[in-house]
1. Report, by residue number, each residue of segment B:162-195 that is of a type in the set (Ser, Thr, Tyr) and under 19 Å from B:Met124 (Cβ atoms).
2. Would you say B:Asn64 is at positive phi and more than 10 Å from chain A (Cβ to nearest Cβ)?
3. Please list, ordered by residue number, the strands (runs of 3 or more DSSP E) wholly in segment B:208-258 having 2 or more residues that are modelled with pLDDT under 95 and within 20 Å of the chain's Cα centre (by Cα).
4. Mind telling me which of the residues A:Gly276, A:Gly222, A:Gly217 ends up being surrounded by 20 or more Cβ atoms within 10 Å (Cβ to Cβ) and either part of a helix (DSSP H, G or I) or within 13 Å of chain B (Cβ to nearest Cβ) (or both)?
5. Might you check whether a residue that is of a type in the set (D, E, K, R) and loosely packed, with under 15 Cβ neighbours inside 10 Å occurs anywhere in segment A:7-22?
6. Exactly one condition in (1) more than 7 Å from chain A (Cβ to nearest Cβ); (2) surrounded by fewer than 24 Cβ atoms within 10 Å (Cβ to Cβ); (3) not acidic (Asp, Glu) is not met by B:Pro91; state its number.
7. Among the candidates A:Leu233, A:Leu246, A:Leu297, which residue alone is modelled with pLDDT of 90 or more, under 23 Å from A:Leu15 (Cβ atoms) and more than 10 Å from chain B (Cβ to nearest Cβ)?
8. Can you pull out every residue in segment A:271-316 that is over 23 Å from A:Ile39 (Cβ atoms) and among the small types (Gly, Ala, Ser)?
Amino acid sequence: MQKRRINRIYRRVTLSRVLQISALMLAIFLVLSIISLAIGSVPIGLGRVLLSLSDAFTGGNSLSSQENLIIFSVRLPRIIFAGIIGASLSLGGVVFQALLRNPLADPYVLGISGGSALGAIIGILIGAGSFYLGVPMLAFLGALFTVFLVFIVSGGSRGALLDNSLLLSGVVVNAFFSAAILFFLSIANSMELHSITFWLMGDLSRASIKEIGVAAGVLFIGFVLLYRQALKLNLIAHGEETALQLGVHVERTRQWILIVTSLITAVAVSFAGIIGFVGIMVPHMMRLVFGSDHRLLMPASVLFGASFLVVADTVARVVLAPAELPVGVITALCGAPYFIFLLKRKGN
Amino acid sequence: MSLICGRNITFSYTGRLILDDFSFAIDEAQVVAIIGPNGSGKTTLLKIINGILSPVSGQLLIDNKDTSQWSRRELAKAIAVVPQENLSIFPFYAEEIVLMGRFPHLGNYSFEDKKDYRIAHEAMEKTDTLAFAACRYDQLSAGERQRVLIARALAQEPKILLLDESTVFLDLKHQAQFLSLLRQLNKAQKLTVVFVTHDINLASQHADRIILLYSGKNYAIGNPAEVITAANIKEVYDVDALVDKNPHSGLPRMTLLT
């Protein structure tokens, strides 16, 4: 029986190919972002958006101040923020998947998002929202605490860091956090409840310029640090023993990558809430198109993740306009069917 | 001084003693077979030579330097391993797998250059795998995958090659091709080969020296004629065997008597 080979054509990963694909995907991101600038509850034509962008460079003033306000103060920050969060979650997903050699691993499965959510909810309930960065700070602490907990439970301190125990402890930690979140939800008043619900489903609408700057900085530094490990990630993804045999100090590399990735994820989740499926879906799609080499897979996932979340958030903004949906609803609505499709195809 | 030198190596795993005060030495350009029953510590010994496991007590010296003092990368430049089976969940292509063998020679940011591709392709030519360079590794047959792994080990350009049952999935043609390749590398480049096998005749025909392990101890060590005897086989494997001379090579030949 002839095996059914549904392969893409193999192409070598070279520096010039990585640069070409990154440039192409960056261009796609920019085009989508500009289109997204024109879409919203207040209609502004694409032509006028382009005009306003060229004004920004030439110092012209051809749009009304209301239009300028909507484009530059409302939509643009949100699009940039969506891009950064999408990129961070995708980067987290692609790295965790390689690290744990499990295509289903991502920050949510490991419990990092749950810990972050718990921190945020406690923050909302104790009124930390009245302080600058109060809630995100607690969310961040929750995420870090989870990483620490998962690490200890899985024996990370002894250097074991076995992939299955890490995933399993993530599941256990997640179950505990879900119960705690439900408990807090049941004692919250209705105003707090609204705020918590939005946070639990992912919310990109409230980012301040400072938060965007912090998230962008963390993403940039984190990407540079992780990209240095891309070759080692290839070998670890292929197999731990292979990586050891081929010269990777697996334990040290894993711990370092785990710390950096957890930080990126914790920052993203603490600012944007829980946005599911991006971290699983984006790396998976990119692997289908570009293969498993992380030197190409990482930049491709980061840029595609940015585009993906910008599109998802645009849909979330307009589908019930003038009301807005949490973006997590949209990502889950595409993510779940994608997975059913994947599982069904695998089953054949 | 021997290239690989084990001194009083003891290794235990979850309370079970696997290697028990075991000493041995392997010289440069030797071809050494490690044989012994299941659970006698063969694979453990390979992993200790490769520094993946460290002995509970005792020392393993490569080039007169303890493996714990080598960096992983330096060790990977000196020693290549062909594992038993190596499946990955992620879709890699055969050429990518072979290029992984170049990792110890690359920097962190690096991409493979022309020289790396040339070395990888020579390795693939020698193992008859060039034809499926652009095929998915996980969709190859077991024998084809094994040849890809052999190519990866060759691409490492090692001084020492460790083989763990690396011929079991190969058909006769590729087995012969691989064994003669090993001979040639051994002669031309002074490659030291250490292989673990269950095939007594393979060990006898192709090894300069044989280490016969028996419950973590070195039961016999020496050239094939010294180690492959009916008495040793009876004692270690608990089977009756006829050992005579292979009419072609004059080396010991074993036939199971059942």
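The values are calculated or read from the model by the stated rules, or taken from the named source; none is laboratory data. What you see is a predicted model, and the numbers here were worked out from it, not measured in a lab. With ideal geometry, Cβ positions are generated from the backbone for all residues, glycine too; neighbour counts draw on all protein chains shown.
1. B:Ser166, B:Thr167, B:Ser180
2. yes
3. Result: B:209-214, B:217-222.
4. Exactly one residue qualifies, and that residue is A:Gly222.
5. Scanning segment A:7-22, I find at least one residue that is of a type in the set (D, E, K, R) and loosely packed, with under 15 Cβ neighbours inside 10 Å, so the answer is yes.
6. (1)
7. A:Leu233
8. Answer for segment A:271-316, where residues must be over 23 Å from A:Ile39 (Cβ atoms) and among the small types (Gly, Ala, Ser): A:Gly276, A:Gly279, A:Gly291, A:Ser292, A:Ala300, A:Ser301.
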